[in-house]
1. Kindly indicate the residue of the range B:26-46 that is over 14 Å from B:LEU81 (Cα atoms) and touching a Leu at 6+ places or on another chain (Cβ under 7 Å) and also most open to solvent (accessible area, probe 1.4 Å) among those meeting that condition.
2. Does C:GLN86 meet the test of being open to solvent by 10 Å² or more (accessible area, probe 1.4 Å), away from ligand 2 (no atom under 16 Å from the Cβ) and of a type outside the set (Asp, Glu)?
3. Identify the residue in the range B:1-17 that is within 12 Å of B:GLN71 (Cβ to Cβ) and buried (at least 17 other Cβ atoms within 10 Å of the Cβ) and, among all such residues, is nearest to the other protein chains (Cβ to nearest Cβ).
4. Do the conditions hold for C:SER43, that is, is it open to solvent by less than 10 Å² (accessible area, probe 1.4 Å), hydroxyl-bearing (Ser, Thr, Tyr) and either near ligand 1 (Cβ under 9 Å from one of its atoms) or out of contact with any His (no Cβ under 9 Å at 6 or more places or on another chain) (or both)?
5. Somewhere in the range C:180-197, is a residue surrounded by fewer than 22 Cβ atoms within 10 Å (Cβ to Cβ), touching a residue at least 40 places away in the same chain (Cβ under 8 Å) and within 12 Å of the chain's Cα centre (by Cα)?
6. Any idea which residue in the range C:104-119 is nearest to C:HIS73 (Cα to Cα), counting only those that are assigned to a loop (DSSP other than H, G, I, E, B) and more than 13 Å from chain B (Cβ to nearest Cβ)?
7. Taking C:SER64, is it away from ligand 1 (no atom under 12 Å from the Cβ), surrounded by fewer than 21 Cβ atoms within 10 Å (Cβ to Cβ) and modelled with pLDDT of 95 or more?
8. Could you tell me whether any residue of the range C:254-270 is assigned to a loop (DSSP other than H, G, I, E, B), surrounded by fewer than 21 Cβ atoms within 10 Å (Cβ to Cβ) and acidic (Asp, Glu)?
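The values are calculated or read from the model by the stated rules, or taken from the named source; none is laboratory data. Because the structure is a prediction, the values reported are computed rather than measured. Methodologically, a virtual Cβ is constructed for each residue, glycine included, from the backbone with ideal geometry; neighbour enumeration extends over all protein chains shown. Only protein heavy atoms, including side chains, enter the accessible area calculation; ligands, DNA and RNA are left aside. Shrake-Rupley method; radii C 1.70, N 1.55, O 1.52, S 1.80 Å.
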Amino acid sequence: MQIAETFAVAAPIERVWRFITDPATVAPCVPGCQSYEVLTATSYKATIQIALGPIKTNFNVIVDLTKAEPPTYLASTARGEEGGKASTLTAKSELRLLANGPGATTVSYASEVALVGRLGKFGLGMMKKKAKSIGEEFAVAFRTRVEAETASQGGTAGEVLSADNAQAGA
Amino acid sequence: MTTTVPITLTINGALHQAFVQPWHTLLHVLRDVLHFTGTKRGCNQGICGACSVIVDGEVVRGCLSIAANCQGRTITTIEGLANGNTLSNVQQAFLELGAVQCGYCMPGMIIAATALLKRTPKPTEEEIREGLSGNLCRCSGYVKVVRAVQVASERGTS
Amino acid sequence: MKFYQPTTLKQALKVLANEDDARCLAGGATLVAMMNANLLAPSALVSLSAVKGLAGITRRKNGSVTIGAMTRHQAVADTAALDGGQRLVREAAALIGHPAIRNMGTIGGSISHADPAADYPTALVTANATVTIENSRAKREIDAQNFFTGYLETALEPGDIVVAVSIPAGVAGAGSAYEKFARVQGDFATVSAGVVLALEKGVCRHARIAVGGCAATPIRVAAAEAKLVGSRLQDSAVAAAGVLLAAACDPIDDFRGSSEYRLMILPTILARAVSKARVRAETVS
Ligand SMILES: Cc1cc2nc3c(=O)[nH]c(=O)nc-3n(C[C@H](O)[C@H](O)[C@H](O)COP(=O)(O)OP(=O)(O)OC[C@H]3O[C@@H](n4cnc5c(N)ncnc54)[C@H](O)[C@@H]3O)c2cc1C
Ligand code: FES
Ligand code: FES
């Protein structure tokens with residue numbers, strides 16, 4: 001299934017780029033993200049909880065950044081498995097940033113997500129809506145975070161968060 | 001911790017006992033524990049109707065019935081319809097009209113038809129189609145099935 | 001996995017309160033299918049089959065009808081208690097699945113699972129039903145419309161049991177209808193619509209509409225109902241209501257129909273339900 005989202009952030013493109021490429025700032029914006037771990041400069045591991053009605057499950061996801069053109073383009077792949085390998089999830093994503101003047105950035109991303117296994121057979125139509133709402137929640141959380149830091153004139157919110165989450169990820 | 005549940009079922013008139021796990025279905029117990037293999041497993045999802053059995057007079061899905069929840073109930077499977085070597089009216093009509101092809105859906109189909117005729121002894125064609133709508137047949141195209149139920153209905157109950 | 005077979009509601013509520021991740025087992029038509037598909041493995045099943053007082057249909061003096069949570073779909077389909085503005089609930093029950101599913105499935109199980117394409121949610125929202133919920137601490141009532149909160153999501157909290165659903169007598173002289181479009185007999189709805197109407201000399205004086213299969217929950221739009229009230233239910237008024245409803249919907253794309261397709265057929269399904277309900281309201285008044 002395809003998931004795409006475009007949203008505006010009131011912050012300069014460089015700051016948005018820094019936020020979106022730093023797992024410490026981006027991970028807390030991902031709905032259901034329980035923990036993450038930095039593996040290398042271009043790969044991360046995260047545990048993400050997915051819920052659809054009575055079904056609740058954790059995916060262990062590995063994200064690889066495959067191409068980066070700062071500050072406008074980022075391509076990544078993700079591969080995740082449920083405990084017991086009952087389902088696997090793969091995603092190919094592209095992210096584009098566009099400067100809309102000095103203090104404004106448009107973020108757009110498109111992902112092609114495939115879900116195979118027990119969850120792949122269940123309620124695909126609902127899953128797709130769920131994925132869309134996760135995308136929207138992410139956009140809101142991300143925008144709030146970046147704009148909060150921008151409002152406090154490039155304060156240390158990002159660093160504080162990264163300390164918190166390094167702990168959560170450990 | 002798992003609860004093992006002892007159950008007693010009356011199947012086709014005889015008492016049977018089994019120890020079951022909470023997730024075991026009636027279909028599992030019938031086929032794989034007590035060896036009433038006439039009842040078939042198709043989808044295990046409630047969709048195909050191959051597992052249809054009659055519990056306390058009503059047709060249900062064996063694959064969606066938790067066995068532990070069936071304690072004390074009275075069950076009729078396809079094996080229980082004939083009286084010795086004499087087939088039930090429904091079975092006889094299916095046989096005569098050639099309603100059966102590969103036969104996989106037939107235990108469920110005949111059980112559902114039997115339950116339908118008990119509830120509605122003189123069904124219209126529409127009622128027959130509705131009554132058997134939960135039983136999928138991949139071979140026959142249903143025309144002879146519907147006809148067989150009509151013939152069984154004309155001949156009266158059982 | 002544990003298995004409990006309580007015989008009183010109190011016992012059932014106690015088990016639910018004490019067991020983490022226990023699930024009620026009603027008809028099993030959805031829960032067991034999900035267990036078979038390896039989608040759920042609760043720590044315990046709490047069977048409601050032997051709990052006294054959960055099944056049955058009661059009509060009260062004030063005309064409201066209470067349906068116990070463990071009442072099977074077939075019993076609701078067969079009841080004479082639901083008439084006039086309440087009739088669509090019986091009509092919806094009769095359209096659920098197949099005979100075997102109607103012999104197994106319960107109203108409590110159906111609304112607790114809250115499939116957006118299921119029949120009861122839309123019918124109950126149309127009929128302005130109330131859901132009675134109990135847990136080990138308290139009992140509460142909630143409007144059907146507020147009970148359904150999302151895809152397979154409801155106002156139920158862990159430890160809650162749906163005890164009953166009540167359908168008010170509603171407006172005197174009303175007629176109602178539930179219309180469902182499905183690919184084959186017994187499938188979930190691609191689109192469904194529930195309508196309650198009351199007329200006075202051919203003019204609509206009361207209307208309540210909900211559509212199903214078109215969003216995460218049944219959709220009601222006050223402005224769409226307002227289009228009908230005061231009208232003679234002519235095609236243009238019904239079509240205008242359909243447009244307003246469609247605008248509030250956001251259907252899923254799946255094998256039962258694409259989002260566009262569902263929005264396209266919605267006005268037709270609504271018009272069918274309106275014309276059925278209208279004939280019934282005319283014979284009443
Ligand atoms: C082949 C097939 C076709 C179907 N077609 C349709 C259709 O056309 N339209 C339609 O609407 N439905 C359809 N259904 C669904 C059917 O109506 C189910 O019976 C219903 O959704 C679940 O009811 P149940 O009593 O079987 O609940 P269960 O499967 O036992 O339970 C469902 C869920 O609700 C919870 N639960 C059950 N009772 C309560 C309670 N009292 N309080 C709190 N939680 C509770 C359970 O823990 C579980 O999570 C179909 C099902 C099948 C298998
Ligand atoms: S095996 Fe039970 S309905 Fe298919
Ligand atoms: S006869 Fe082959 S499936 Fe019905």
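1. The extreme case among them is B:ARG41.
2. Working: open to solvent by 10 Å² or more (accessible area, probe 1.4 Å): no; away from ligand 2 (no atom under 16 Å from the Cβ): yes; of a type outside the set (Asp, Glu): yes.
Against the criterion (open to solvent by 10 Å² or more (accessible area, probe 1.4 Å), away from ligand 2 (no atom under 16 Å from the Cβ) and of a type outside the set (Asp, Glu)), C:GLN86 does not qualify.
3. B:VAL5
4. Values: open to solvent by less than 10 Å² (accessible area, probe 1.4 Å): no; hydroxyl-bearing (Ser, Thr, Tyr): yes; either near ligand 1 (Cβ under 9 Å from one of its atoms) or out of contact with any His (no Cβ under 9 Å at 6 or more places or on another chain) (or both): yes.
Considered against the rule, which asks whether it is open to solvent by less than 10 Å² (accessible area, probe 1.4 Å), hydroxyl-bearing (Ser, Thr, Tyr) and either near ligand 1 (Cβ under 9 Å from one of its atoms) or out of contact with any His (no Cβ under 9 Å at 6 or more places or on another chain) (or both), C:SER43 comes out as no.
5. The answer is no, given that none of the residues of the range C:180-197 is surrounded by fewer than 22 Cβ atoms within 10 Å (Cβ to Cβ), touching a residue at least 40 places away in the same chain (Cβ under 8 Å) and within 12 Å of the chain's Cα centre (by Cα).
6. Out of the qualifying residues, it is C:ALA118.
7. yes
8. Keep residues of the range C:254-270 that are assigned to a loop (DSSP other than H, G, I, E, B), which gives C:255-256, C:258.
Going one step further and asking which of them are surrounded by fewer than 21 Cβ atoms within 10 Å (Cβ to Cβ), we end up with C:255-256, C:258.
Now drop any that are not acidic (Asp, Glu), which leaves none.
There is no residue in the range C:254-270 that is assigned to a loop (DSSP other than H, G, I, E, B), surrounded by fewer than 21 Cβ atoms within 10 Å (Cβ to Cβ) and acidic (Asp, Glu).
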